[in-house]
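Engineer: Please see the structure below; I have some questions.
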């Protein structure tokens, strides 16, 4: 077991080592930067000296010697700034042999001034960057690191006398160097470089020796600090904690209690507070121990009671689970004995719907062994379902719990063909079942019934057609008889009878043209009757306007016959009696549905009306008597309204749902 001193001093030592390493590295890096800055400063200073010598030679010595020697003379040792600067720095290099101070050119007159490859690279740099006149870099010379300063020398207009056309140059210069070297330059050309290179190694070695001594002193101070921290920690913390640990170990074997922190080690600090708190805690633990046995007894009783309740709950749950299992067994037995087929599917994580079970009836329905389908996807088990909506519908059932029914599923496999009806539903998470039965025979029966019904429909339409033709024949006979009759009363009677027969013929014609034979679209039928009556009365009806307000109301055949005769009588009476002496007006026929499946038929005119006080039941014509008789047959009522002409309102119940 590690002591707390070791636990503290080891991390502290690691931190101290890391911190010292960082400090040493920073000192070393700083010394290198200082050395580089010092060497760079020396190089700048030497470059400034070199430039000052050049400026003095160009601005002072050269004009003075030119005045003394004459225009065509050239004393290079006294007039060339490069020769003067080189002569001066030869003296300096005797004291500092490692320094490099020179003039370099790509086409020098003096071979000693030929530029090195490094200097040629710098000259190209100045050509590419004409705005830069000085560049500082670190270079290698004979394997040693140098800090170098390069300053470009560009040809000016004053320089062209000695570096332009050799014909204009001093004769002494041409005689000494020839007519090619250093000539033929243009203003602005890079003529050469002033190079100053200072070795770094000497400064670095001196700096390293100094830093080693400084680092040694620093390491000694860090070691001293580390030792002092360990001593202080031992005196203030670890010694006292060791005494407390010994006391706690003694408490494990002794019953008497004393202070955890001996009087000699008390310092009134956090450790002492910890000891006092531990003493109080120990007293509380001792008091709690005194009542622990009673608590154990009470808790044991509570636990026994809870255990009894848990046993009862487990027993009830076992009974419930057994009931569920028994229900599942009964359900499975019911499904196994069911006359319909049952398949069970499970949706896999990859989207495949796999058949996992089936009942025995499935084999009887499909005439295929269930084992051939187990563990196959629905598409593999039933290839004829590929491309239909059924596989995706089954997946939705398994995922969402939607029920799905279909009675148009055809299956054809191994020469067996049939039509099936099924109901699919969810049985669990990603599980579903489908119950199905073969309805091939039922479909055949339905098709047979449908064919028989079609035949009967055709036959019934033919009957309606023949009845219509017979009624039209009767109407034609009545019309022929009316032509031969001279008595007006008999003529009117024949015309009324013909209209009545014509209304029944129109009904059979409507049924013949209708798609449904059990009900009549009464609105269309009324339009046909009224149109026929207005045409039959010819000029007498020309000044009378017909208005119809007809809702879509359907009635059966018996009601249609009665209603057709009622409308025939009421519209005929209005045309004959409501508008005497060529009076104009209108006849309104309205048909609508009322609450409680009541049909309302209104026939109104704005003619002269029925005289007040006249009892229509006693003095009415045959047409009126027919209206009341037919309304009674419809189980309806007739209301006569004598305002603004005459309105007959017939209300009767509909027999159709």
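Engineer: Filter region 364-376 for residues that are part of a helix (DSSP H, G or I) and surrounded by fewer than 16 Cβ atoms within 10 Å (Cβ to Cβ); which is farthest from the chain's Cα centre (by Cα)?
Structural biologist: 364
Engineer: Evaluate the following for residue 6: is it part of a helix (DSSP H, G or I), at pLDDT below 75, under 30 Å from residue 231 (Cα atoms) and within 60 Å of the chain's Cα centre (by Cα)?
Structural biologist: yes
Engineer: So, in region 113-145, how many residues would count as being part of a loop (DSSP other than H, G, I, E, B) and closer than 24 Å to residue 188 by Cβ? Reasoning before the result, please.
Structural biologist: Just the residues of region 113-145 that are part of a loop (DSSP other than H, G, I, E, B), to begin with: 115-116, 129-133, 142-143.
After this cut, where a residue has to be closer than 24 Å to residue 188 by Cβ as well, the list is 115-116, 129-133.
Residues flagged as part of a loop (DSSP other than H, G, I, E, B) and closer than 24 Å to residue 188 by Cβ within region 113-145 amount to 7.
Engineer: Of the residues 312, 289, 294, only one is modelled with pLDDT of 75 or more, exposed (fewer than 10 other Cβ atoms within 10 Å of the Cβ) and part of a helix (DSSP H, G or I); which?
Structural biologist: Values: 312 fails: exposed (fewer than 10 other Cβ atoms within 10 Å of the Cβ); 289 fails: modelled with pLDDT of 75 or more.
After applying the criteria, what remains is 294.
Engineer: Here's another thing I want to ask about it. Could you tell me which residue of region 60-74 is farthest from the chain's Cα centre (by Cα), considering only residues that are at pLDDT below 70 and loosely packed, with under 15 Cβ neighbours inside 10 Å?
Structural biologist: By that ranking, first place goes to 70.
Engineer: Among the residues of region 99-112, which ones are out of contact with any helix residue (DSSP H, G or I) (no Cβ under 7 Å at 6 or more places or on another chain) and either farther than 17 Å from residue 42 by Cβ or assigned to a loop (DSSP other than H, G, I, E, B) (or both)?
Structural biologist: Those that are out of contact with any helix residue (DSSP H, G or I) (no Cβ under 7 Å at 6 or more places or on another chain) and either farther than 17 Å from residue 42 by Cβ or assigned to a loop (DSSP other than H, G, I, E, B) (or both): 107, 108, 110, 111, 112.
Conditions tested, residue by residue: (1) in contact with a helix residue (DSSP H, G or I) (Cβ under 6 Å, 6 or more places away or on another chain); (2) at pLDDT below 75; (3) outside the structural domain of residue 124 (by TED's automatic domain parsing); (4) surrounded by 12 or more Cβ atoms within 10 Å (Cβ to Cβ).
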residue	(1), (2), (3), (4)
181	no, yes, no, yes
190	yes, no, no, yes
194	yes, no, no, yes
198	yes, no, no, yes
229	no, no, yes, yes
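Engineer: Looking at residue 237, is it modelled with pLDDT of 80 or more, in a helix (DSSP H, G or I) and over 30 Å from residue 98 (Cα atoms)?
Structural biologist: Considered against the rule, which asks whether it is modelled with pLDDT of 80 or more, in a helix (DSSP H, G or I) and over 30 Å from residue 98 (Cα atoms), residue 237 comes out as no.
Engineer: Looking for whichever is within 28 Å of residue 610 (Cβ to Cβ), in contact with a strand residue (DSSP E or B) (Cβ under 7 Å, 6 or more places away or on another chain), at pLDDT below 85 and not in a loop (DSSP other than H, G, I, E, B) here; the options are 574, 560. Which one fits? I'd like the intermediate steps shown before the answer.
Structural biologist: Details: 574 fails: at pLDDT below 85.
Only one candidate qualifies: 560.
Engineer: Same structure, new question: Could you tell me which numbered condition residue 607 fails, if it satisfies all but one of (1) at pLDDT 85 or above; (2) out of contact with any helix residue (DSSP H, G or I) (no Cβ under 7 Å at 6 or more places or on another chain); (3) not in a strand (DSSP E or B)?
Structural biologist: Among (1) at pLDDT 85 or above; (2) out of contact with any helix residue (DSSP H, G or I) (no Cβ under 7 Å at 6 or more places or on another chain); (3) not in a strand (DSSP E or B), residue 607 violates only (2).
This table checks each residue for (1) assigned by TED's automatic domain parsing to the domain that holds residue 201; (2) touching a strand residue (DSSP E or B) at 6+ places or on another chain (Cβ under 7 Å); (3) at pLDDT 75 or above; (4) assigned to a loop (DSSP other than H, G, I, E, B).
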site	(1), (2), (3), (4)
11	yes, no, yes, no
15	yes, no, yes, no
21	yes, no, yes, no
26	yes, no, yes, no
32	yes, no, no, no
35	yes, no, no, no
42	yes, yes, no, no
47	yes, yes, yes, no
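Engineer: Follow-up. Based on what the data block shows, is residue 356 surrounded by fewer than 17 Cβ atoms within 10 Å (Cβ to Cβ), more than 16 Å from residue 437 (Cα to Cα) and assigned by TED's automatic domain parsing to the domain that holds residue 381?
Structural biologist: Answer is yes for this residue.
The values are calculated or read from the model by the stated rules, or taken from the named source; none is laboratory data. What you see is a predicted model, and the numbers here were worked out from it, not measured in a lab. Please note: Cβ atoms are built from the backbone with ideal geometry, for glycine as well, and neighbour counts cover all protein chains shown.
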